[in-house]
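Please treat every number below as a calculation from the coordinates, not as lab data. Note that the structure is a prediction, hence the values are computed from the model and not measured. Note: ideal-geometry Cβ built from the backbone for every residue, glycine included; neighbour counts use all protein chains shown.
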Amino acid sequence: MRRWLMLVPLVVFLGMAGFLYKGLYLDPTELPSTMIGKPFPAFSLPSVEGDKTLTEADLKGKPALVNVWATWCVSCKVEHPVLTKLAAQGVVIYGVNYKDINADAKKWLQEFHNPYQLDINDEAGSLGLNLGVYGAPETFLIDSQGIIRHKFVGVIDERVWREQLAGKYQALVDEAKP
Amino acid sequence: MKRWLAAVAFGLTLTGAAHAAIDTYEFANDAERARFRELTQELRCPKCQNQDIADSNAPIATDLRREIFRMLGEGKDNQQIIDFMVDRYGDFVRYKPALTSTTLVLWFGPLALLVGGLVVIGVIVGRRRRTEPVAGSDTLSAEERQRLDTLLDKTKDD
């Protein structure tokens, strides 16, 4: 028997082991977003305060975070102070209040500061559906043209911001400058 | 016999109740109901790891069922509804993934392994058959016998 044939099982095993080892560190709950590179979906929804109607055109002009949140979402409460801090640093954040009770949302924003420059009231979840939202909190990074450039699922804490999002946001800001 | 019939009848009432719990929608006809069932069983709930949206209690699954019902009412065909879901949630939501370059391994990997296995078995069997002594030669030739004897003698000396 040819010698090199004896190596085949070893090579197959190493290949499988490498493949499975990588699989150990993948998060199966993380779905790749299909929205990257696409324009923010069209919508026409009232603001949380109910004083105006917002559309996708209102989100254009500046790179921003679009944060999908709700009062029923426990981890949104964890994320909220971080967003407030970022907003204070000058990061543009828009809020999508997803499938929430309007009165609760208003109360929340009054009680815990409002980091959002615009508050979109998506009570029926229609915008969330078009965004492919499957659980709050989710945050989209849009550029100044309103194109979705990145999606982050889960709680934004200081570390996530520093290591994953700050750089991307800064790149969009730099890109927007002529 | 009577008792047995009663048990079957009772079982039937149970399945009826189970279906009633799932179907909260009024369908125009049975064909539409069947398509709804087929679609909700073919699409995976994005939030839960391994449940179809017919089966899941997650709010997102409820929403998606409602969307499917709405689209069925609008007269969309199955492919349009599946495309709508894939546009938003990606290939993840399909239990029958489309054949693309990224899903090639998924579709043909098992077949390739099977064929590979058959080839290996074929090679081994073929080789064994070739090296197998010809029929009737299970007795040793004089030369072989002599060699065997020397080998056995050698071990005896040790």
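Taking 25 Å as R0, compute the FRET efficiency from the Cβ-Cβ separation of B:Asn50 and B:Asp77 and round it to 0.05. Each step should come with its number before you reach the end.
Values: r = 27 Å, r/R0 = 1.08.
In this case the efficiency is close to 0.40.
Determine the dipole magnitude for the protein assembly as shown: charges of +1 sit on the beta-carbon of Lys and Arg, -1 on that of Asp and Glu, nothing else is charged, the reference point is the Cα centre, and the result goes in debye to the nearest 20. Working shown, then result.
On the way: 40 positive and 43 negative charges, 174 e Å.
Value, rounded to 20: 840 debye.
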Distance between modelled label sites at A:Ala88 and B:Ile124, nm, 7 Å Cα→Cβ extension: 6.9
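Roughly how compact is the protein assembly as shown, stated as its Cα Rg over 2.2 N^0.38 Å to two decimals?
That ratio works out to 1.57.
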Label point distance in nm, B:Asp153-B:Val115, each placed 7 Å from Cα along Cα→Cβ: 5.6
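Let's test the formula: R0 of 51 Å, r as the Cβ-Cβ distance of B:Lys96 and B:Arg3. What FRET efficiency results, to the nearest 0.05? Walk me through the numbers before you get to the answer.
On the way: r = 43 Å, r/R0 = 0.85.
For B:Lys96 and B:Arg3, the calculated efficiency is 0.75.
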Under 25 Å from A:Lys60, Cα to Cα: lysines that are on another chain or at least 8 residues apart: A:Lys38, A:Lys52, A:Lys85, A:Lys99, A:Lys106, A:Lys151, A:Lys168, A:Lys177
Ascending count of other beta-carbon atoms within 10 Å, so fewest first, for A:Lys85, B:Lys154: B:Lys154, A:Lys85
Equivalent ellipsoid semi-axes - Cα gyration tensor, the range A:33-176, angstrom: 21, 18, 14
Between the range A:89-122 and the range A:135-157, the alpha-carbon center distance in angstrom: 15
Length gained when the stretch A:Asp51-A:Ala166 is fully extended (0.36 nm per residue, less Cα-Cα span): 38.2 nm
